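Worksheet: one structure, shown below.
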Amino acid sequence: MTKQVATILGVPFSTRGFAGTVDDLVERIENGRKTHVVTANPEIVMLAREKRSLRAILEQAYVVPDGIGIVYAARWTKQPINERVTGIDLLEALMAAADRHQWKVYLLGASPEVNRLAAEKLAARYPGARIVGYRDGYFQQGEEPAIVEEIAEKAPHLLFVAMGSPKQDEWIAKYRDQLQAILMMGVGGSFDVIAGKVKRAPKLWQRLHLEWLYRLLAQPSRWKRQLAIPRFVWTVLKEKGENRSGRCP
């Protein structure tokens with residue numbers, strides 16, 4: 001039986017492929033099992049090494065490998081992660097399940113326009129899913145109790161939070177027990193793509209695992225964030241070498 005968790009630089013990742021992840025999460029929702037899904041890439045892993053509070057959140061969450069760098073790191077360290085589980089694809093798959101099961105969905109985050117458009121487009125695409133509420137991410141800290149109360153009253157099966165990482169996962173972890181949502185997931189810029197405000201990389205770039213480069217070319221301001229990738233590769237290989245040396249007689 002394949003081990004269900006692999007550890008990359010101290011972060012525990014699910015080893016399920018995309019289809020297996022969807023099946024497992026659908027089963028969790030059907031059973032009412034509260035789950036916080038984190039879609040983690042090399043940038044998140046490196047940040048977790050510096051930020052203990054984020055590391056603690058990841059240790060308690062259902063972490064999926066959103067980033068080809070995670071797949072390569074697993075290959076280098078001989079761990080059974082063979083496939084990316086991208087956040088936007090997982091969101092769409094869960095919405096398809098919501099469509100079949102008539103689940104309740106709440107969207108939180110992004111700008112007012114993007115949030116509204118994403119809600120409208122998802123409602124049109126998945127008419128069986130019940131969009132029970134949506135709220136943009138432009139709110140003050142003092143407004144949070146009312147927002148949490150509203151979400152709790154709606155008790156959604158799916159809560160998608162688009163605040164950027166790590167803020168979205170810190171927010172979910174802070175209010176997890178109050179939200180009354182079954183599955184909570186940070187989705188980064190997915191609402192922007194769904195709303196049609198940002199183009200996703202073409203299929204060829206996706207197949208070549210070059211989405212990160214496409215985003216960098218489209219948004220050069222991301223270059224500082226992308227520096228996490230070479231740091232991640234160096235750290236993984238360095239740790240691998242140290243572990244190998246430690247096993248020598």
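Structure notes:
- When +1 charges are put on Lys and Arg Cβ atoms and -1 charges on Asp and Glu Cβ atoms, the dipole computed for segment 90-208 relative to its Cα centre reaches about 680 debye.
- Gain upon complete extension [Q140, L204; 0.36 nm per residue less C-alpha separation]: 19.0 nm
- Label corresponding to Cα extents along the principal axes in Å when calculated from the structure given, among (1) 52, 40, 32; (2) 60, 40, 36; (3) 64, 54, 32: (2)
- Farthest positive-ward along segment 82-180 dipole, Cα basis, beta-carbon charges - from Y175, A123, V105: A123
- Cross-link pairs K34/K104; K154/K197; K174/K199; K154/K174 - those with Cα-Cα distance over 25 Å: K154/K197; K174/K199
- Model label sites at K167 and D24, defined 7 Å from Cα along the beta-carbon direction, differ in position by 3.0 nm.
Read the figures in this text as sums done on the coordinates, not as results from a lab. Because the structure is predicted, anything quoted here is derived from the model rather than measured. When we count neighbours, we look across all protein chains shown, and the Cβ atoms used for this are built from the backbone with ideal geometry, even at glycine.
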